[in-house]
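S.K.: Please find one structure pasted underneath; my questions will follow.
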Amino acid sequence: MRAHLKFYIDGEWVSPATVQSIDVIDPATEQVAGQVAEAASIDVDRAVAAARRAFDGWSATSRQERLDVLERIVAEYRRREGDIAEAVMLEMGAPLALAQGGQTKSGLSHLEAAITVLKDYSFEDQRGTTRIRREPIGVCGLITPWNWPMNQVACKVAPALATGCTMVLKPSEVAPFSAVIFAEILDAAGVPPGVFNLVNGGAATGAAIASHREVDMVSFTGSTRGGVAVAIAAAPTVKRVAQELGGKSPIILLPGADFPKAAAAGLKQVLNNSGQSCNAPTRMLVPAARMVEVVEIVRETIAAISVGAPATDATIGPVVSETQWRRVQQLIEAGIAEGASLVAGGPGKPDGLGTGYYVRPTVFADVTPEMTIAREEIFGPVLSILAYDDVDDAVRIANDSDYGLAAYLWSGDGDDPAAVANRLRAGRIAVNGVAGDILAPFGGYKMSGNGREWGAFGFDEFVELKAVLGG
Ligand code: NAD
């Protein structure tokens, strides 16, 4: 049983003002795996005050000093990779290979990317007689979700540190263990006291950060509901709010695509991390005449997908919580009730997995754009396949969403993927299964958010622009 009942404030592990804790549930066993303390607003005040005190010193450090600190963090993170993977398996049920791979490595990648970007990032440039400065915005509140815990924490903390900001991190109360290790890493790496502070807690703690007068900006990743609440709480203090929110991303199989490859890749991408990725390609758009063919490919591919405990070599583990499990079940039921064709999976738990928040990998075909499963983010291993008439129709359906985080295109002879990409209202579009680009901007149009993370674009979130005219 893990017990993390202290917060990391001003370079020390300190006890909270009040004794309130939150149970963390292991989604594979449904048992309590540990506790974290829950920060009251007085604890948030203390953490923000420490960050405020540290700001003058940290913001005045040189590029090289901050590079040195980031290098030490990377070295320490590498040393703790095994501990992080173990924590992620326990807190969110990620299978071993995913926990050790993408879940842990993505955090490292953002730290390394921050070093690359910091080497060349322009903090000042001259335009005629005007000097443009990019100055750290100040004390930042960082609020993160549970689904890619280290990825989300690192892609905020690394650019905030690199630009000279100080910060208070509040990770998800659902999966807080890895973030505690992250704080230990920063401590061991010698990040000066007060520059990075960690408090734990849920929505109330997040709201105390968002509304705090001494917090200059909030960077939030999570649900659209949570992001809206944070923006409302932040409004009276006129702080910057960066929002990375939900998604319902389309994957369009253009007529010339390699259908077996594209459909299989799309399905696997939806199922990865038990469907709990904001940018998962959950709406597969296929030419109407090829629906039957795609359904067959998907049926064959899903037969090879195994569901099981994180410590096994199962392809996917449970979803993170009972709340999520129930929500996914409701949406699967909605798909059936609204007349979509169930190709694989369905309601209930997979055979032999009665304990744990396991979901049957599920595929619906003949989904129409107005159905609930075509509109709402499910955040479980569920794929909806929709038919389109021609490319214009595909673009129209793809854009017919409240969200606009990502899109995926598969193309071949006779297709023009660049032209289609230009017409899609989404922040990141991947063509033909191309590898990810950690230096490219990540973020959404519409209700998927405001602002961009990753690479130099992520640095821009944490700076204020100053124009010095004639001096
Ligand atoms: P969530 O909104 O419930 O919680 C996210 C974080 O916000 C947690 O730390 C939570 O404690 C805090 N929080 C919740 N309500 C709050 C409030 N009213 N005020 C202040 N803080 C509050 O989201 P989640 O369930 O942890 O994460 C899943 C969601 O995150 C999905 O919708 C997913 O699409 C989204 N997500 C988006 C991205 C992206 O980059 N766009 C990345 C990962 C996840």
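The values are calculated or read from the model by the stated rules, or taken from the named source; none is laboratory data. Keep in mind that this is a model prediction, so the values were computed, not measured. As a convention, Cβ positions derive from the backbone with ideal geometry for all residues, glycine included, and neighbour counts pool all protein chains shown. Note: accessible area is taken over every heavy atom of the protein model, side chains too, but ligands, DNA and RNA are not part of it. Shrake-Rupley method; radii C 1.70, N 1.55, O 1.52, S 1.80 Å.
S.K.: How would F457, F196 line up by accessible area, probe 1.4 Å, largest first?
M.R.: F457, F196
S.K.: Would you mind working out the magnitude of the charge dipole of segment 250-438 relative to its Cα centre, with +1 at each Lys and Arg C-beta and -1 at each Asp and Glu C-beta, to the nearest 20 Debye?
M.R.: Rounded to the nearest 20 debye, it is 560 debye.
S.K.: Assuming a ≥ b ≥ c are the square roots of the Cα gyration tensor eigenvalues, decide whether segment 27-124 counts as rounded (a/c under 1.5), prolate (otherwise, with a/b larger than b/c) or oblate.
M.R.: oblate
S.K.: Ranked from highest to lowest mean number of other Cβ atoms within 10 Å per residue, what is the order of the peptides 249-260, 16-27, 141-152?
M.R.: 141-152, 249-260, 16-27
S.K.: Return the carbon/sulfur percentage of the accessible area of segment 225-350, one whole number, probe 1.4 Å, all protein chains in place.
M.R.: 57 percent
S.K.: Roughly how much of S306 is accessible, in Å² to the nearest 10, using a 1.4 Å probe?
M.R.: That residue has around 50 Å² of solvent-accessible surface.
S.K.: How long, wide and thick is segment 270-338, going by the Cα atoms along their three principal axes, in whole angstroms, largest first?
M.R.: 41, 29, 22
S.K.: Of the beta bridges DSSP finds with both residues in segment 250-438, what % are antiparallel, to the nearest 5?
M.R.: Beta bridges within segment 250-438, antiparallel portion: roughly 15 percent.
S.K.: Cα centroids of segment 320-335 and segment 404-471: how far apart, whole angstrom?
M.R.: Spelled out, the Cα-based centre of one part sits 30 Å from the other.
S.K.: Can you tell me the dipole magnitude for the chain around its Cα centre, using point charges on the Cβ only (Lys, Arg +1; Asp, Glu -1), in Debye to the nearest 20?
M.R.: 900 debye
S.K.: If I take the Cα coordinates of segment 382-471 and project them onto the principal axes, what are the three extents in Å, biggest first?
M.R.: Projected onto its principal axes, the Cα set of segment 382-471 covers 60, 28, 28 Å.
S.K.: Once the whole set of protein chains is in place, how much accessible area is left on D56, using a 1.4 Å probe, in Å² to the nearest 10?
M.R.: 120 Å²
S.K.: I would also like to ask the following. Once you sort the root eigenvalues of the Cα gyration tensor of segment 250-438 as a ≥ b ≥ c, which label holds: rounded (a/c under 1.5), prolate (a/b larger than b/c) or oblate (the other case)?
M.R.: Prolate.
S.K.: What order, most packed first, do the peptides 117-126, 208-217, 170-179 have when packing is the mean number of other Cβ atoms within 10 Å of each residue?
M.R.: 170-179, 208-217, 117-126
S.K.: How much of R52 can a 1.4 Å solvent probe reach, expressed as accessible area in Å² and rounded to 10?
M.R.: In the full protein context, R52 sits at about 80 Å².
S.K.: Averaged over all directions, how much area does the convex hull of the C-alpha atoms of segment 144-267 cover when projected, in nm²?
M.R.: Spelled out: convex hull of the Cα atoms, projected over all directions, averaged, 10.1 nm².
S.K.: How large is the translational diffusion coefficient of the chain in µm² per second when you combine the Kirkwood radius over alpha carbon pairs with Stokes-Einstein at 20 °C and 1.002 mPa s?
M.R.: Approximately 94 µm²/s, per Stokes-Einstein.
S.K.: Considering the options I316, A337, L267, tell which one lies farthest towards the positive end of the dipole of segment 250-408, charges being +1 on Lys and Arg and -1 on Asp and Glu at the Cβ, about the Cα centre.
M.R.: Farthest towards the positive pole: I316.
S.K.: Let me make sure I get this right: for segment 113-172, a, b and c are the square roots of the gyration tensor eigenvalues over alpha carbons, sorted descending. Under 1.5 in a/c it's rounded, otherwise prolate if a/b > b/c, else oblate. Which is it?
M.R.: The shape class here is prolate.
S.K.: Would you rank E461, E184, E300 by solvent-accessible area, highest first, keeping every protein chain in place and using a 1.4 Å probe?
M.R.: I get E300, E184, E461, largest accessible area first.
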